[in-house]
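The values are calculated or read from the model by the stated rules, or taken from the named source; none is laboratory data. Everything numeric in this text was worked out from a predicted model, so none of it was measured. Please note: Cβ atoms are built from the backbone with ideal geometry, for glycine as well, and neighbour counts cover all protein chains shown.
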Amino acid sequence: MKTEINSVFRELGFEFRTRLTNSKPSSLISNLIDQFRTELSDKETVMQAPSIESELLIAPGATPAVVKAPRRKSGALRLSGEISTFTYWLLAAGTFALVFALWCFLSYTSRVSPLILPTPGAVVSSAARLWSAGELWPDIKISVFRILAGFFASAILAIPLGILIGAYKGVEASQEPLNGFIRYIPVPALIPLVMVAAGIGEPAKVLLIFLGTYFQMVIIVADVTRLVPRDLLNASRTLGAKPHQVLFNVLLPATLPGIMETCRTMIGWAWTYLVIAEVVATDSGLGYRIMKAQRFLRTDEIFVGILVLGLLGLATDLAFKFLQPRLLPWAQHGRGG
């Protein structure tokens, strides 16, 4: 019996030195199998040879085999690993500090011409001069207004249509091909038509931002809607939900996290189209400020406009990141957060 037991466990990667007692062989084998299954399900860091009380003993002087679990990497280097909030912001600040240090090195050592890369001090001086002259703040305000007007107009119209396209094949067939065609038309190519239709005032700037984000948002929201598991919708129908209940109580909440991520991406695109909108027959805005400085080779003012645009864009991105877990807590639960 001892030989048979050892041969079985040797095939499974285990080898024991045993001493049989008066227990029945069938009872012993059953206990061995149960103990072996227990060991396999154990997730601790140490796995050692099992022993059965009064039935299976390790020979005197023998050392149980110990298998160490592989050392786990830190969360920052592990796929889908978690890190603390402090570590996250420390790494983010470190990246900015590294870029800033490189900028200082290249500009203050004149390794790059000041006409191309001004020093941080020159940029700060230009920002202070523009602010004190009352030129920078009005440009920021009008640019933010144009961004918000164009983006929210796009979101209000694109999100419902995108959900309908993703939910109903009939709407998809009638709307998606047209939207897919228009979204590949470059927005600058539409500037002459926009100027003819909306003039050169504020509506033209807002319309350009709207056109740059609307058609993209429709297609992405439709794709987000299609990613909702069909089993979830079928389960709600099985439980007696009516079509409008499936749409508003099941499908819509399931798509909202993806829609929020889509809006976060689209508002980044809106900041890109803002510069295009503000170089066409305008005398205000951060895009206009950048183009005006370019005409007179004022690189420091160009950097002021670029940095302000970047900071405003980062602020909107962080705002979406801050609001999502608070407005959509079930999204964080689904991620395991």
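Quick look at the values:
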{"read-out": "Unique match (being of a type in the set (Val, Ile, Thr), at pLDDT below 90 and within 29 Å of the chain's Cα centre (by Cα)) among Val187, Val194", "value": "Val187"}
{"read-out": "Residues located in the range 125-148, provided they are basic (Lys, Arg) and either within 18 Å of Ala315 (Cβ to Cβ) or touching a residue at least 40 places away in the same chain (Cβ under 8 Å) (or both)", "value": "Lys141, Arg146"}
{"read-out": "Residue in the range 87-95 that is within 30 Å of Phe296 (Cα to Cα) and either basic (Lys, Arg) or not assigned by TED's automatic domain parsing to the domain that holds Thr316 (or both) present", "value": "no"}
{"read-out": "Condition check for Gly180: assigned by TED's automatic domain parsing to the domain that holds Met260, touching a residue at least 12 places away in the same chain (Cβ under 8 Å), more than 28 Å from Gly310 (Cα to Cα) and surrounded by fewer than 16 Cβ atoms within 10 Å (Cβ to Cβ)", "value": "yes"}
{"read-out": "Check on Leu227, surrounded by fewer than 15 Cβ atoms within 10 Å (Cβ to Cβ), among the aliphatic types (A, V, I, L, M) and either in contact with a Gly (Cβ under 7 Å, 6 or more places away or on another chain) or at pLDDT 90 or above (or both)", "value": "yes"}
{"read-out": "Members of the range 195-250 found to be closer than 12 Å to Gly166 by Cβ and not basic (Lys, Arg), listed by number", "value": "Val218, Ile219, Ile220, Val221, Ala222, Asp223, Val224, Thr225, Leu227, Val228, Leu233, Leu247"}
{"read-out": "Condition met for Ala241 (at pLDDT below 90 and of a type in the set (A, V, I, L, M))", "value": "yes"}
{"read-out": "Number of positions in the range 232-269 that are touching a Leu at 6+ places or on another chain (Cβ under 8 Å), over 26 Å from Ile147 (Cβ atoms) and without any contact (Cβ under 8 Å) to a residue 40 or more places away in the chain", "value": "4"}
